[in-house]
Structure formats: structure tokens, C-alpha cells
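Structure first, commentary second.
Since every read-out is calculated from the coordinates, none of them should be taken as a lab result. Because the structure is predicted, anything quoted here is derived from the model rather than measured. For neighbour counting, all protein chains shown are included, and Cβ atoms are generated from backbone atoms with ideal geometry for every residue, glycine included.
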Amino acid sequence: MLGNPMRRHPFIDLFRDRPLRTLWTGLVFSALGDQVQAIAIIWLAIEVAGPGAGFVPAANYAVVLLTGLLAGAFIDRLPVRASMIALDLARAVVVFVPVLLAMTVGLSLFALVASMMLLSALHAVFSPLFYACLPHLARTPDRIQATNGLVDATVRLSRLGGPFIAGIAATVVPTVHLLTFDALTFLVSAAALWRLGPALDRPRDAGAPASALSRMLHGFTVARREKAVRWLLIGNSVTLAAWALGLTLGLSLLVAENPVGDLGLAAAGFLLGAYGAGDLSSNVVVSAVRFRRRWQPMMLGYVVMGLGLAGIPLAFTLLPAPIALAGAMLVAFIAGTGGPIFFLPMQTYFQTHLAGIDLAGILRLRVSLIAGSMMLGTLIGPFAFAGVGAVATVVACGLVIATVGAVGLVAVSRQPGAAI
């Protein structure tokens, strides 16, 4: 399954590559800005509308789902670098509009939701373009997985560092100016893309469908043609729905139903932090490993994540009180390691097996499926938690994810010629 690990970690070589280093610099600022912006939007929405702030994430999922499907009608015919720069500049303007409103006529929930929806739409167009150009910048197939790992690690680090930056900045400047910071990060990202020059541009795909509808649905066309791609998208969508329900919602409710001393919901933060630590640690290791075949590690990643997620509430509720939280955090760390084991090989497979409009179409389709899956998971939540409780719901979600991996392993064992 595994090849020999590289003598030194591939991130070192990637940092020595000027185009990749330039792109990474822009990504660092943009990713941090995204995290600060997400926190600021929720804070501002709560200040403006209280419980009505729940409309913000719901609107976010809906617009990403639609934009991921519709963007193919026009974006594949535009120059890549110019499009990405324009999208960054547009995002800077959009995120700064609420700042202007707050300083002039006043901020409303409608303005926040509209800004968030438009920003999400622009991100849903930008993200597939970004990942589709990574193989071009990586230059060799051996470096693609490491490049994906570097990007993924940077985004995950921003999720850890963004809240701290937002919290510290909010003590110094008004909350709305966290959005000013985000606007500036988009300008830095645009400057990095401009500095890359033609290194980012790839030849226009001559095989692009002529009609706008065919281009818009091209991701479905590729998925119907490519059995392995179709299976990966379906399996990933099922697991993301279970992940959204079991991890992002379930752990907080698990702690609420089973409090740990005086920690309150801080215990949920510890569990999520342990999960994130396992996720990031696994990313660094997996990025340096060359897989001879990618299917088995992808499916094993689901099994590890799923069984780990199912084990969190069991450890939390069945272990003696003094060690329950520590045991659950250890299991959460193990669950977190499963993410990169399936994500990095899957993303690398897409980028090495597909190219041009086929790759862009699949990446856009995946963006829409992610949004749809997360929305489905959050919609199921109230019924599941009210019906069977947090412990049973989280265990069930973990078992669903593990089952996807187990089915994938069984399927490839019966058809070894179909292994990726």
C-alpha cells in the first residue's frame, strides 16, 4: 500500500519553489481572513438579530450548493489567473460593504446575510479554480499529493489560529473591522496571484462543451463516465452528512447532555481541539507518503474516522468520571487522523486522473455536494437528537462513515483490477 517515505519532508522542497511559495503566501492570508470573517459575521449577526443569526449559515450552504452547479456555464471559458484575481478583488469589495454600512447608515441582518451569500458564491467559484491549477504548479505527479497536503495543512492551521486572532483583535477594534482585515487579506491574495504571472495559466481546454447547460452539468457527465470518481463522490457525500451531524453538532450536544464538572461546553472545545490536532498531525505524515495504490488508504481513512467518532461518546459516557474526558479526547485524536488519510489521496486521484474542464467540473460538483451534505446533516439534527439523543446519534454517524469505508474495501477486494 505504501511506498518508501521521502528522505526529507516534501514541504521543504515545496517552500523552495517560488511559484508555489507565492501561491502559499496568498493562501495563508486568505485562509486566516476567511476564519476571522466567519467569526465576525456570526458575532455581528447575533448583535443585530439575536437568534435570527441562524439564517446566516443556512444561507451559506444554500448558495454554495447552487453556485457550484451554475458556475461551469461561464467560468471555464475565462483565463484562470485573471478570473482568480477578479474573484479576490470582488471578495474584498463584498466583505467591506458591511463595514461601510456600519459606519454610515447602520448594519442590518439582511445586509449581513446578503454579504455572506455573495461571498460564499464567489468562494464556490474560486475554490475549484484554485485546486484545478495545483497540478499545473506542482509540475510532477509525485509532488501533487504533497502540494495538496501543504494547502490543506495551511487551511487547517488557519482554523486553529483564526479564532485567536479574532478574539485578540476584537478587544482592540470594533468587531466590524474584523471584516476590514478580511478585505485586506483578499487584496494580498490577489497580489500574490498577479505576481505569479503566466505560471498559473493553463492552456484552454478545446474539449469544452459548446452549450452553457452542458458546461454547467459537465461534472455529472464526468461522474457518470468514471465509475471510481462517481463512487468516491457518493461515498464522500454520505460521510460528510454524517460528519456534519455527528461531529460539528453532536459533540456539543453530547457535552450538554453529559456535563463534565464545571467545564460546561468548554469540554466540547477540548474534544474538537483534540480532533483537529489528530487531523493536522495526520496531514503532515500522509503528505510525505507515496501510495502505490490510493483506494485502500482512502477507505481505511473512513474506517478510522468512523470508528473513532463512534468511540467518542462511548469513552465519554462509559469511562470513570475522572478520566472520561481525557479518554474521549484520545479517541477524538484518533478519529481526526482519518481525515487526511482519505482526503489527500482522493484529491490527488482527481487531479492526476482528470484534467482541464473534466477536473474543474468534478471539483465544482464536489463543492456543491459538500454544501448539500452539510445542509442535510444539519437538517436531520433536530429530529435525531430529539428522538434518540446525542450519544446514539454520534455513534450512528460514526458507524455510517465506517460502513462506507468497509464497503469500499470489500468492493475493491472483489474487483482488484478496479483498484485505484
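Summarised as an ellipsoid, the stretch 10-209 has semi-axes of 31, 20, 14 Å, derived from the eigenvalues of the Cα gyration tensor scaled by 5 and square-rooted, with the largest first. For the chain, a crude dipole built from +1 on the beta carbon of Lys and Arg and -1 on the beta carbon of Asp and Glu, taken about the Cα centre, is about 1520 debye to the nearest 20. Exposure proxy for Cys397, Cys133: other Cβ atoms within 10 Å of each Cβ, ordered fewest to most, give Cys133, Cys397. Taking the Cα centroid of the stretch 100-143 and of the stretch 308-381, what is the distance between the two, rounded to the nearest whole Å? Computed from Cα coordinates, the inter-centre distance equals 22 Å. The fewest-to-most ranking of Asp152, Asp13 by surrounding Cβ atoms within 10 Å reads Asp13, Asp152. The alpha carbons of the stretch 314-420 give a radius of gyration and a Dmax of 18.0, 55 Å, in that order. Taking amide H positions as modeled 1.01 Å from N, with prolines and chain starts lacking one, the residues under 5 Å from Phe291 and 5 or more places away or on another chain are Gly3. A simple spin-label model places the labels of Asp17 and Phe383 4.6 nm from each other, with each point 7 Å out along Cα-to-Cβ. Between the beta carbons of Ile323 and Val284, assuming R0 = 25 Å, the FRET efficiency works out to 0.35 to the nearest 0.05. Among the DSSP helices (H) of the chain, those spanning at least 18 angstrom by Cα along their long axis with an average Kyte-Doolittle hydropathy of 0.0 or more are 18-49, 55-70, 80-103, 109-138, 141-170, 177-196, 227-243, 266-287, 295-318, 321-353, 356-414; this is a geometric and hydropathy rule only. The structure-derived value of Rg and Dmax of the Cα atoms in Å appears in the list (1) 26.3, 104; (2) 26.0, 94; (3) 21.4, 66 under the label (3). Considering helices alone, the calculated mean residue ellipticity of the chain at 222 nm is -28000 deg cm²/dmol, with DSSP H runs of length four and up weighted by -39500 (n - 2.57) and normalised per residue. Rounded, prolate or oblate: pick one for the stretch 217-420, where a ≥ b ≥ c are the square roots of the eigenvalues of its C-alpha gyration tensor, a/c under 1.5 means rounded, and failing that, prolate if a/b is larger than b/c, else oblate. Verdict is prolate for the stretch 217-420.
Judged by the ratio a/c of the largest to the smallest principal axis of the C-alpha gyration tensor, the stretch 330-380 counts as oblate, that ratio being 1.5 or greater while a/b is no larger than b/c. When the Cα gyration tensor is reduced to axis lengths a ≥ b ≥ c, the ratio a/c is 1.5 or higher for the stretch 213-294, and with a/b not above b/c it is classed as oblate.
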